[in-house]
2 protein chains.
Amino acid sequence: MKPAALLVDIFGTTVDWWTGVAGQVTAIAAERGVQLDGGEFAGAWRERYLPSMAEVREGRRPWAYLDTLHRESLDKLLDGFGLADRFDEADRQRLVRAWHRLPAWPDAAEGLRRLRVRYPVVALSNGGFALLINLLKAEDLHFDAIISAELAHSYKPDARVYHRAAGLLDLPPEQLLMVACHGWDLDGARAAGLRTAFVERPAEKGPDQDADRPADTPTDLACASFTELAGALGC
Amino acid sequence: MKPAALLVDIFGTTVDWWTGVAGQVTAIAAERGVQLDGGEFAGAWRERYLPSMAEVREGRRPWAYLDTLHRESLDKLLDGFGLADRFDEADRQRLVRAWHRLPAWPDAAEGLRRLRVRYPVVALSNGGFALLINLLKAEDLHFDAIISAELAHSYKPDARVYHRAAGLLDLPPEQLLMVACHGWDLDGARAAGLRTAFVERPAEKGPDQDADRPADTPTDLACASFTELAGALGC
């Protein structure tokens, strides 16, 4: 397999959203004197991620930026936890910004560096452009370009997002390799005509929750890290 | 001045289009046994650049990709030079691709590296997404993101292009600094509410043609290189 370019997912695949969000939630809660399991909260917040995007993808609401969806989910979640009166507007804005600052998985920078020697490597994320710039810059992760689903006014796994990326790269979908740790993303990419590589992230949802497993999703490649992927692609 | 992010022009400002295109035109002409002054041809080709984009900007034709405009200009130019029968379809495609592979100015990589330590530094070019990825990757030039005018379906100096960039970066125009070597680009950015920095490239159009001069354009800053710009911005 020699794709013309790689598209790489960010949340979970390149960066560890669970550890990042859990830590920031715990810290902000502590400042407010609130006892809160940051990991449980992060997991519950992320649970609302796919359903909130599905409303946009399926046309049940107009385009809304990921930060907006995160904020709406947060407000509902704080209500559900009985904590609505403990976090003010500024706290909520800080919490939403937690998704702009997440730690990279240890193999990400080195794997991306090796992959970029032979391939154009492009971030393809449901995160917004501004969010992605903040996130990748803070972790010193280098891509040849960033493509946000916002450029298609939809969200993965909508085929329009993968096809928008192919159009911008001026390449047919079958010459692109989508790299992700989620079955739903890779299924969407495959349905849109792309090739797919699973990078397994067993700790993606924290220590107590099962992550997606490569055995459950048909893909062209399955690896345990970006450095293993680099090796598999001859880098 | 402490902008929230920098937008950097590519053709002429970051890379030396004249030397790059002249050299490739000369080489392809030699293969075909055609005597041709590559520098003169490159200059004449670029002369058609602003008028061809103006047709799109002003709505006189629907959106057309920069490669398409370059190709149309090339066909007219070869006719004008009486060389239409000397370059076949494959040659013409190679010539259009010459704009995808241009040498960086010597100060570009180091200047960008220094600027990126303190600022998000984003390419903002009339070149297409695919062209920009090819160009920047070949020269090992690193940006935090690439924004092509194609995302606004127009071309600089249309205000929509600068405002599209501001929207994607989630920043107000006045917090952005547009960096370019062309008065028309900086005038457009200023009219759209951005701050502006002139980086002078006296050899931009080759040794025999005058380049734009900072004295002719009101800007917030004027420098002779990206490294000088980095110094001026405290990097």
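This table checks each residue for (1) among the aromatic types (Phe, Trp, Tyr); (2) in a loop (DSSP other than H, G, I, E, B); (3) touching a residue at least 24 places away in the same chain (Cβ under 8 Å); (4) in the same structural domain as A:Tyr49 (by TED's automatic domain parsing).
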{"residue": "A:Val179", "(1), (2), (3), (4)": "no, no, yes, no"}
{"residue": "A:Thr196", "(1), (2), (3), (4)": "no, no, yes, no"}
{"residue": "A:Gln209", "(1), (2), (3), (4)": "no, yes, yes, no"}
{"residue": "A:Asp212", "(1), (2), (3), (4)": "no, yes, yes, no"}
{"residue": "A:Ala215", "(1), (2), (3), (4)": "no, no, no, no"}
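Note on the range A:196-227: residues that are buried (at least 20 other Cβ atoms within 10 Å of the Cβ), farther than 23 Å from A:Asp37 by Cβ and touching a Ser or Thr at 6+ places or on another chain (Cβ under 9 Å) total 6.
Output yes when any residue across the range A:145-159 is more than 15 Å from the chain's Cα centre (by Cα), over 22 Å from A:Ala4 (Cα atoms) and of a type outside the set (S, T, N, Q), and no when none is. Yes, there is a match, as at least one residue in the range A:145-159 is more than 15 Å from the chain's Cα centre (by Cα), over 22 Å from A:Ala4 (Cα atoms) and of a type outside the set (S, T, N, Q). Exactly one condition in (1) in a loop (DSSP other than H, G, I, E, B); (2) away from chain A (no Cβ under 14 Å); (3) open to solvent by 10 Å² or more (accessible area, probe 1.4 Å) is not met by B:Leu171; state its number. It is condition (2) that B:Leu171 fails.
Residues that are open to solvent by 50 Å² or more (accessible area, probe 1.4 Å), of a type outside the set (Phe, Trp, Tyr), without any contact (Cβ under 8 Å) to a residue 60 or more places away in the chain and part of a helix (DSSP H, G or I): does the range B:145-155 have at least one?
Scanning the range B:145-155, I find no residue that is open to solvent by 50 Å² or more (accessible area, probe 1.4 Å), of a type outside the set (Phe, Trp, Tyr), without any contact (Cβ under 8 Å) to a residue 60 or more places away in the chain and part of a helix (DSSP H, G or I), so the answer is no.
Identification of helices (runs of 4 or more DSSP H) wholly contained in the range B:1-113 with 3 or more residues that are β-branched (Val, Ile, Thr) and either in the same structural domain as B:Phe143 (by TED's automatic domain parsing) or more than 22 Å from A:Leu169 (Cβ to Cβ) (or both) yields B:17-31. Of the residues in the range A:130-139, none is touching a His at 6+ places or on another chain (Cβ under 9 Å), assigned to a loop (DSSP other than H, G, I, E, B), open to solvent by less than 30 Å² (accessible area, probe 1.4 Å) and modelled with pLDDT of 95 or more.
The values are calculated or read from the model by the stated rules, or taken from the named source; none is laboratory data. None of these values were measured; they are calculated from a predicted model. Here Cβ is always computed from backbone atoms with ideal geometry, including for glycine, and neighbour counts include all displayed protein chains. Protein only, heavy atoms only, side chains kept; ligands, DNA and RNA dropped before computing areas. Shrake-Rupley method; radii C 1.70, N 1.55, O 1.52, S 1.80 Å.
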